[in-house]
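So the structure is just underneath, and the comments pick up after that.
The values are calculated or read from the model by the stated rules, or taken from the named source; none is laboratory data. Only a predicted model underlies this, so the values are computations on that prediction, with no experimental measurement involved. Here the Cβ positions follow ideal geometry from the backbone for every residue, glycine too, while neighbour counts run over all protein chains shown. What goes into the accessible areas is simple: the full protein's heavy atoms, side chains included, and nothing from ligands, DNA or RNA. Shrake-Rupley method; radii C 1.70, N 1.55, O 1.52, S 1.80 Å.
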Amino acid sequence: MVTQRGRRSGAEPPAEPPRRAAKGNGRARRATPDADNAPTAEMPAVDSAVETAVRAKQIPEAAVARLAVYLRVLSGMAEQGATTVSSEELSASAGVNSAKLRKDLSYLGSYGTRGVGYEVQVLVSQIERILGLTRQHRVAVVGIGNLGHALANYGGFPGRGFPVEALFDLDPDLIGVPVGGLPVSHLDEIPRVCSERQISIGIIATPPTAAQSVCDRLVAGGVQCILNFAPVVLQVPAHIEVRKVDLAVELQILSFHVARRADDALAIQGNTGLPDAGLPIDNGSNGNGQADGGLGMVVRG
């Protein structure tokens, strides 16, 4: 007679020998099919592309701009034969303080070596990978005026991974004329040409009235990023990245800094006087006892 547990009535099953624990962690070793005959496999390496993408998402926008500056400086150092650079040297050449530079480089997973600094070529490779410069980005220039001509003929783009592959304009006198070795195409050809040549970056150097129409054509052609020199705000889908370069605004910002430094210089001159030193002390008056609010006499920190 056999019970539900599979034992014969009236007989105790023989005791099973105790299992030997696996060495090292005290846990029972699990048997796997054909484990002895299975080939030894190495642990998979961390996917560098995935790791780079994760790091890139953690980098603030301002730090990305500084990384591009570091890359330019480091590339120049590498051309001169430098193999290592200290954070102080790199920060001075890039125009940032060393603490901010070390913070920026920490986003790359690069912390340098005490007493040695950073390896120039390693940093160049890390920054290029983070900035996506390990592959080329084909560029189209729209608007072949003075600025467009200069951009199309600039020889520094291809060497840095940005070959100019297409040119567009509306002027019939320019259509078909080679500029920088490339024939100029009509604006209506933007979607087709950009799609066929896999253009990923479009540069808009047109008058402001044409910029939005050009932008729409670039987006229709599969362009993912746009560098806009036209003084106008572009309306684009959420997945399109736009960078605006307004030279007039940049000059106005520089004008502000020039004016502020001039004011600071006047304020310092006016506040260096001490009693009995022959120089007046700024008291917010105009010299006639009337308050002028201290105009031109305020030191800005």
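The modelled label-to-label distance between A262 and A65, using points 7 Å beyond Cα along the C-beta direction, is 2.5 nm. Near E165: Cβ cut-off under 9 Å, other residues only, Lys/Arg at +1 and Asp/Glu at -1. The net charge is +2.
Note on the stretch 55-173: percent of Cα-Cα distances in each 10 Å bin, starting at 0 and stopping at the bin with the largest distance, equals 12, 37, 27, 16, 6, 1, 0.
What the Cβ-Cβ distance of S195 and N153 gives, at R0 = 30 Å and to the nearest 0.05, is a FRET efficiency of 0.75. Estimated at the nearest 10 Å², the accessible area of F256 is 110 Å² with a 1.4 Å probe.
Here the stretch 114-179 and the stretch 191-226 have alpha carbon centers that stand 15 Å from each other.
Annotation: amide H-H contacts under 5 Å for V184 (H modelled 1.01 Å from N, sequence separation of 5 or more, or interchain): G176, V177, V179. Once backbone amide H atoms are built at 1.01 Å from N, G161 has no partners under 5 Å, excluding neighbours fewer than 5 places away on the same chain. Between T84 and V120, the built amide H atoms are under 5 Å apart, and every one of these is 5 or more places off in sequence or on another chain. Among the chymotrypsin sites (Phe, Trp or Tyr not before Pro) in the stretch 85-120, those placed in a DSSP loop whose Cβ has at most 12 other Cβ atoms within 10 Å are Y111.
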